[in-house]
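Beneath this line is the structure, given in structure tokens, with notes to follow.
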Amino acid sequence: MPLLEETTLPQEHPPIVPVIIIGNGPSGICLSYLLSGNKPYFDPTTVHPNPILYRKLQETKHLAITEQDLEYLSEGLEGRSSNPVAVLFDALLHPNADFGYEYPPVLQWRKEKQQLIPHLVLGRATPGGAWHAMEGSMLTISLGIWMELPGVNYRDMLGGKRRDITSDRATPEEISSYYRNYVKLKGLQKSFVDNTYVTSVQRLCRGHKIENIERVDARIRDEMADDGRNESYGGNGEECVGDEGLGSLWEVRGYQQVQNNTHVPFSLFAENVVLATGASDSPVRLTVEGEDLPFVFHSVSDLGLAISLQKLDKNSDPILVVGAGLSAADAVLCACSRNIRVLHVFRKRVDDADLIFKQLPKTLYPEYHNVYNMMCSQTYANVVSSCSSSGAQSMSIASSVCAKMCSKPQLAAVNMAGNASVGLFPDYTSFPEHCVGSLQSDRRCLLQGNNSLKAFKISMALVLIGTNPNLFFLKDQGQYLGQDPTKPISCKNPIDIHPYTFECTNEPGLFAMGPLVGDNFVRFLKGGALGIASCLLKRLKKKGKLINNVGNNFI
């Protein structure tokens, strides 16, 4: 995307916004809901199955959860997130979900307009984030009800349909539609600015002042919505930014893409910035020769596009799928359903305890266990061994590997003709404990195994070994925020945050949530919204005032 020039200053007096949320996926949507005056209370008509948590909730049932001690409520709870508030919020929304129960939430939501916090949610597309770009025919890992946000039942929005008695998973298309409609149903549109690209987020130098800042404050007051009107936020300008000028503020710059592909630059001041960008911006690369060739891709959607354009069919050379995660499995499933031949390469052993397939129940995820079975039973070594013992009449792709040796030692040139083996999908072969050595312009790939190098002719390569966030708009791409500041932010090195407020340890006023802090499932990333909203509301209450509502006419 084109970036703003560093010298560009699109507005003489940028407005001040209490909270700017970067990212309009489920993380940003959920936080916007809580900041819009929607407060969760314990529903006294319900009983939580955890007796200790139930007792704690009864002790302070007159207080909103956001006003309570989240550390106290979270103590002793266990779940599939390393963030205690994420486990707490999940326990309130989906009690005992890990035990297979589907208890109703124990929360009731109350709209308290006088306690809303003005905010803007900046997103690159319509609300829903990365869900709009996912392959629409696949099924989500999480159950559909785990993907829902507070206050809107997922099944109700879909007409209550279920696929079968053992599976209630959803398609990305259904989920992206749910999130778009959620924003409308909850009246959050005024806080969302779509087609917006943030190019710079930096803290203003302490002591920096802007002339006539009172005029900015006046403009904010004039733009406040009629509902929930209270004392003016920032009254006299200096109070709004602290005694030392703008030193406590962030400057957020970027542009909005409007009609005719025109870019309209903007600049905003924010007291608090929330990073809710997810972690799917930048695919992890192999960093091998040929990875930039035109037949090499890093997304399952590219496979679907090639099939829809009839660039691939059962007569094509096989595709190469690299990776042992769910995206790689999705690519295998997509190819197998179209009878497209597959070479599946991954570094791990098939019995590696860290493989994601070992963590998924077979009854809920039969298709992924089918892929795992093929990974185990239809390995290259098994195919070669089977063909060698069955004679020339049953020679297949693996036996042709043995028959066509190149001049280089231990280098096999393979003509992918015939079936690989008998199994769930015969034209599939896995290569555990292998890696890609290089990709050649003639569409040959070199695979490095234990003491061997093999060459295959392919039609397409899909490198699906994970994704990383792209925090280019932060200083040093945000690396200094990580748990290990010597390494880039990734799923293995998430942003270091306070466990109950989600505020960055190394940067006050900057918050992070969702995959950036290790919560990759919607079910748990909602906890970040609870922690951040609770933190901001408590700080404002301590100041003795709450913020009025602000429209989104800043951009």
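All of (1) at pLDDT 95 or above; (2) open to solvent by 10 Å² or more (accessible area, probe 1.4 Å); (3) under 30 Å from Asn470 (Cβ atoms) hold for Leu4 with one exception: (1). Residues in region 80-91 that are buried (at least 16 other Cβ atoms within 10 Å of the Cβ) and not hydroxyl-bearing (Ser, Thr, Tyr): Asn83, Pro84, Val85, Ala86, Val87, Leu88, Phe89, Asp90, Ala91. Consider region 291-317 and keep the residues that are part of a loop (DSSP other than H, G, I, E, B) and among the charged types (D, E, K, R). The one that is most open to solvent (accessible area, probe 1.4 Å) is Lys311.
May I ask you to verify whether Asn451 is open to solvent by 20 Å² or more (accessible area, probe 1.4 Å) and either farther than 30 Å from Cys535 by Cα or at pLDDT 90 or above (or both)?
yes
In region 24-39, the residues that are touching a residue at least 40 places away in the same chain (Cβ under 8 Å) and over 16 Å from Val273 (Cα atoms) form Cβ pairs under 9 Å with partners that are among the basic types (Lys, Arg) and crowded, with 24+ Cβ neighbours inside 10 Å, at six or more places apart or across chains, as follows: Pro26/Lys526.
Can you find even one residue in region 173-193 that is on the phi < 0 side of the Ramachandran plot, modelled with pLDDT under 80 and not in a helix (DSSP H, G or I)? No, that holds for no residue. No other residue among Val273, Val264, Val284, Val288 is buried (at least 23 other Cβ atoms within 10 Å of the Cβ) and among the hydrophobic types (A, V, I, L, M, F, W, C) apart from Val273. When region 406-436 is limited to residues that are small (Gly, Ala, Ser) and at pLDDT below 95, the one that is most open to solvent (accessible area, probe 1.4 Å) turns out to be Ser407. Checked across region 121-131, the condition of being assigned to a loop (DSSP other than H, G, I, E, B), more than 17 Å from Asp194 (Cα to Cα) and at pLDDT below 95 holds for no residue. Counting only helices (runs of 4 or more DSSP H) wholly contained in region 33-101, the ones carrying 3 or more residues that are out of contact with any Lys or Arg (no Cβ under 8 Å at 6 or more places or on another chain), farther than 29 Å from Leu185 by Cα and not aromatic (Phe, Trp, Tyr) occupy 51-59. Cys376: in a helix (DSSP H, G or I), open to solvent by 40 Å² or more (accessible area, probe 1.4 Å), out of contact with any helix residue (DSSP H, G or I) (no Cβ under 8 Å at 6 or more places or on another chain) and modelled with pLDDT of 85 or more, yes or no? Against the criterion (in a helix (DSSP H, G or I), open to solvent by 40 Å² or more (accessible area, probe 1.4 Å), out of contact with any helix residue (DSSP H, G or I) (no Cβ under 8 Å at 6 or more places or on another chain) and modelled with pLDDT of 85 or more), Cys376 qualifies. Of all the numbered requirements in (1) in a helix (DSSP H, G or I); (2) aliphatic (A, V, I, L, M); (3) modelled with pLDDT of 50 or more; (4) open to solvent by less than 50 Å² (accessible area, probe 1.4 Å), Ala398 misses one, and that requirement is (3).
On inspection, Phe89 does not qualify as at negative phi and without any contact (Cβ under 8 Å) to a residue 12 or more places away in the chain. Which residues, counting only those in region 454-471, are closer than 19 Å to Ser280 by Cβ, modelled with pLDDT of 95 or more and out of contact with any Gly (no Cβ under 6 Å at 6 or more places or on another chain)? Scanning region 454-471 gives Leu462, Val463.
Within region 338-373, if we keep just the residues that are open to solvent by less than 40 Å² (accessible area, probe 1.4 Å) and assigned to a helix (DSSP H, G or I), the residue that is nearest to Ala461 (Cα to Cα) turns out to be Val371. Here is the figure for region 66-79: residues that are surrounded by 15 or more Cβ atoms within 10 Å (Cβ to Cβ) and touching a Phe, Trp or Tyr at 6+ places or on another chain (Cβ under 7 Å) total 1. From the list Val201, Val264, the one residue that fits, being part of a strand (DSSP E or B), in contact with an Asp or Glu (Cβ under 9 Å, 6 or more places away or on another chain), modelled with pLDDT of 85 or more and of a type outside the set (S, T, N, Q), is Val201.
In region 502-516, the qualifying residues are those that are open to solvent by 10 Å² or more (accessible area, probe 1.4 Å) and not in a loop (DSSP other than H, G, I, E, B), and the one that is modelled with the highest pLDDT is Glu503. Among the residues of region 454-501, the ones that are part of a strand (DSSP E or B) and open to solvent by 50 Å² or more (accessible area, probe 1.4 Å) come to 2 in all. Within region 332-370, the set of residues being in contact with a His (Cβ under 6 Å, 6 or more places away or on another chain) and free of Cβ contacts under 8 Å to residues at least 40 places away in the same chain comprises Lys362 only. Just to be sure before I move on: is Gly254 modelled with pLDDT of 95 or more, open to solvent by less than 40 Å² (accessible area, probe 1.4 Å) and small (Gly, Ala, Ser) in the structure I sent? Yes, satisfied.
The values are calculated or read from the model by the stated rules, or taken from the named source; none is laboratory data. Owing to the predicted nature of the structure, the values given are computational and were not obtained by experimental measurement. Virtual Cβ from ideal backbone geometry, glycine too; neighbours counted across all protein chains shown. Remember, those area values only see protein heavy atoms, side chains included, never the ligands or the DNA or RNA. Shrake-Rupley method; radii C 1.70, N 1.55, O 1.52, S 1.80 Å.
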